[in-house]
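Everything below concerns the one structure shown next.
The values are calculated or read from the model by the stated rules, or taken from the named source; none is laboratory data. Since the structure is predicted, the reported quantities are computational estimates derived from the model, not experimental observations. Here the Cβ positions follow ideal geometry from the backbone for every residue, glycine too, while neighbour counts run over all protein chains shown.
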Amino acid sequence: MKEVSRRKFMKYSLGSMAALAVGSGLDWIKNEAIAAPRVNTLNFHITDAIKDMGTHNSINTAQCYFWVYKEDRLPAESPGPTIFATEGDVIRINITNDLDEPHAFFIPGMFNSGPIAPGQTVRKFFTAKNAGPHLYFDNLNQPVNRAMGLHGAIIVHPKAPAPGHKFTPYGKPTPAVQQLFDDFGSTAWWPGLAWEQGDPATNTPPFRRHIWLFHQASPTLFAAVGNFTPGLDFPSGQFVQRFLHDDFSPTNNENIQGEVGSDIPRYFTISGQSGHFSHNTPYINPTFRVGEPAVVHILNAGLMTISMHVHANHFFVTYFNGVVQENPIWVDVFNVYPMAIIDYTLPYMRPPDVPNVRGIGRADAGLPAGVSGGTTWPPNEEIRTFMPGPAPAGVTPFQIVGNLTDGAGNSLGVQLSPLCYPAHDHSEPTQTSQGGNYNMGLIAGMNFIGDRNTPGAMNFPNQPLIHGPGPGSPFGVDGLIFPTAVQPPWFQEG
Ligand SMILES: [Cu+2]
């Protein structure tokens with residue numbers, strides 16, 4: 001095994017679910033509003049860490065060495081913490097480089113720290129602008145420093161919508177995107193809530209948004225970078241070649257545990273998580289009702305192309321690499337190239353795969369004369385399925401029953417609800433954890449917990465999912481930063 005110079009240097013290790021407290025959706029910002037810190041100044045250290053990948057257990061460890069932006073008040077993690085700001089905010093930032101070669105903090109079009117020497121601290125400020133999603137990253141020795149984990153998302157919210165219009169996620173929306181967000185909640189074809197509109201009665205937050213920040217990790221290559229001659233940059237050409245094209249035969253590449261293997265990435269992450277840990281995490285997966293439109297900010301900090309595909313709803317591509325779209329196409333899969341930033345705007349309409357006598361996505365009605373059976377929306381077939389056993393005849397929808405009981409006569413029947421649809425990468429043969437099974441790789445979802453446009457179906461029964469972590473949740477309350485002492489105008493407490 002090679003000498004591991006950086007391991008003496010390393011200050012942080014990650015191994016618990018609490019390390020997930022870096023991702024965010026506005027839903028849990030709202031839920032955790034009282035405890036969430038709003039800070040004047042970001043205090044970042046550029047340092048390194050060992051992260052548990054994929055398994056999150058101590059028996060079958062799957063660890064990887066990373067470089068991270070660590071905020072003083074938050075756990076070490078890659079990606080770094082999501083920063084929420086409002087257009088025009090002045091953000092103070094102190095950045096200390098604890099590693100032994102120059103590093104930087106860069107937001108295209110917004111801020112550039114310039115090279116920060118080992119041991120040096122820079123104190124700067126910048127103004128949040130260009131409302132929309134942005135990547136922050138280390139732009140030195142590209143793409144090595146960024147790919148080693150030095151990246152994160154900054155979401156700039158517009159100060160106000162144009163007069164007479166509703167909020168969009170952008171400062172200067174195109175007419176088509178403005179029309180879409182104006183239509184949400186106020187037209188016959190998009191009934192329900194506007195994007196800017198919440199509903200305390202259903203615990204629905206306003207400004208529903210999630211962040212899917214993509215990255216790929218190579219335990220052997222990252223260890224090689226960590227072990228490289230202190231003070232020298234790892235050759236970027238060699239890094240890219242090994243990352244994308246190394247063969248799968250065993251080589252002398254070693255990870256931090258001394259295991260050998262290919263330098264091809266083994267871990268494909270969404271906001272730092274894979275598989276079960278991305279698919280069942282409230283801050284990654286939108287979980288709303290029909291009529292509660294939501295935005296997913298897609299950012300690819302890695303070196304491989306992702307084609308994230310969402311079941312249940314087509315999404316509008318409203319933003320592409322800094323450009324609000326003139327013509328927001330409505331698609332179910334869209335390529336996300338390295339460094340691409342794309343917004344998927346989910347209308348949260350009825351999943352059209354649930355059939356309906358009036359047509360896909362339309363309001364339901366009784367069946368035509370002479371046709372037997374029942375209506376199909378609310379999704380009776382799905383949520384009237386009881387395990388164990390069928391519901392007795394005559395049972396109304398949304399009533400938990402079963403044909404088995406416990407000793408006290410209580411039913412054991414459980415309805416299958418809510419409706420959970422997957423979202424996954426359409427280039428899955430390579431984009432998976434150690435190959436061959438996207439359930440261990442890039443998997444997220446889109447969940448429906450009710451329908452606010454259908455009487456009696458506001459809340460589907462038996463919901464195991466929640467909008468976000470509650471008090472005492474292992475996800476913690478520290479996963480977001482408002483870099484201003486002033487509560488943003490778009491922030492509302494329910
Ligand atoms: Cu699929």
Single condition Gln142 does not satisfy, out of (1) surrounded by fewer than 20 Cβ atoms within 10 Å (Cβ to Cβ); (2) over 26 Å from the mean Cα position of the chain (by Cα); (3) within 23 Å of Asp48 (Cα to Cα); (4) of a type outside the set (D, E, K, R): (2)
Check on Phe277, of a type in the set (A, V, I, L, M, F, W, C) and crowded, with 24+ Cβ neighbours inside 10 Å: no
Extreme residue, nearest to Gln216 (Cα to Cα), among residues of segment 317-346 that are crowded, with 22+ Cβ neighbours inside 10 Å and of a type in the set (Phe, Trp, Tyr): Tyr344
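Scan Ile91, Ile59 and give me the residue that is buried (at least 21 other Cβ atoms within 10 Å of the Cβ) and either among the aliphatic types (A, V, I, L, M) or touching a His at 6+ places or on another chain (Cβ under 6 Å) (or both). Break it down stepwise before answering.
Numbers: Ile59 fails: buried (at least 21 other Cβ atoms within 10 Å of the Cβ).
Testing whether each residue is buried (at least 21 other Cβ atoms within 10 Å of the Cβ) and either among the aliphatic types (A, V, I, L, M) or touching a His at 6+ places or on another chain (Cβ under 6 Å) (or both) leaves just Ile91.
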Lone unmet requirement of (1) out of contact with any Pro (no Cβ under 8 Å at 6 or more places or on another chain); (2) at pLDDT 90 or above; (3) closer than 30 Å to Asp48 by Cα; (4) assigned to a loop (DSSP other than H, G, I, E, B) for Ile342: (4)
Residue check for Gln197: at pLDDT 90 or above, in a loop (DSSP other than H, G, I, E, B) and closer than 20 Å to Tyr344 by Cβ: yes
Pairs where the first residue, in segment 300-324, is farther than 14 Å from Tyr421 by Cα and at pLDDT 95 or above and the second is in a strand (DSSP E or B) and of a type in the set (Asp, Glu), C-beta under 6 Å, 6+ apart: Thr318/Asp343; Tyr319/Asp343
Which numbered condition Phe181 misses (of (1) at pLDDT below 95; (2) in contact with a Phe, Trp or Tyr (Cβ under 6 Å, 6 or more places away or on another chain); (3) crowded, with 19+ Cβ neighbours inside 10 Å; (4) not charged (D, E, K, R)): (1)
Test: Val295 is among the hydrophobic types (A, V, I, L, M, F, W, C) and at pLDDT 95 or above: yes
In segment 209-264, residue surrounded by the most Cβ atoms within 10 Å (Cβ to Cβ) [restricted to those that are under 30 Å from Pro293 (Cα atoms) and touching a Gly at 6+ places or on another chain (Cβ under 7 Å)]: His210
Number of the exception - Ser249 against (1) over 18 Å from Cys64 (Cα atoms); (2) among the hydroxyl-bearing types (Ser, Thr, Tyr); (3) at pLDDT 85 or above: (3)
Residues satisfying the stated conditions in segment 297-318, i.e. part of a strand (DSSP E or B) and away from the ligand (no atom under 16 Å from the Cβ): His297, Ile298, Leu299, Asn300, Phe316, Val317, Thr318
Residue under evaluation Asn327, criteria (1) farther than 22 Å from Ile155 by Cβ; (2) within 16 Å of the ligand (Cβ to nearest atom); (3) of a type outside the set (Asp, Glu), criterion not met: (2)
Residue match in segment 136-154 (condition: under 16 Å from Gly88 (Cα atoms), touching a residue at least 12 places away in the same chain (Cβ under 8 Å) and among the β-branched types (Val, Ile, Thr)): yes
Arg146 vs. criteria within 26 Å of Ile264 (Cα to Cα), out of contact with any helix residue (DSSP H, G or I) (no Cβ under 9 Å at 6 or more places or on another chain) and modelled with pLDDT of 95 or more: yes
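Within segment 158-165, does at least one residue satisfy the condition of being touching an Asp or Glu at 6+ places or on another chain (Cβ under 7 Å), among the small types (Gly, Ala, Ser) and farther than 15 Å from Gly88 by Cα?
Within segment 158-165 (the criterion being touching an Asp or Glu at 6+ places or on another chain (Cβ under 7 Å), among the small types (Gly, Ala, Ser) and farther than 15 Å from Gly88 by Cα), the answer is no, since none of the residues qualifies.
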Some residue of segment 135-148 being within 25 Å of Pro293 (Cα to Cα) and of a type in the set (S, T, N, Q): no
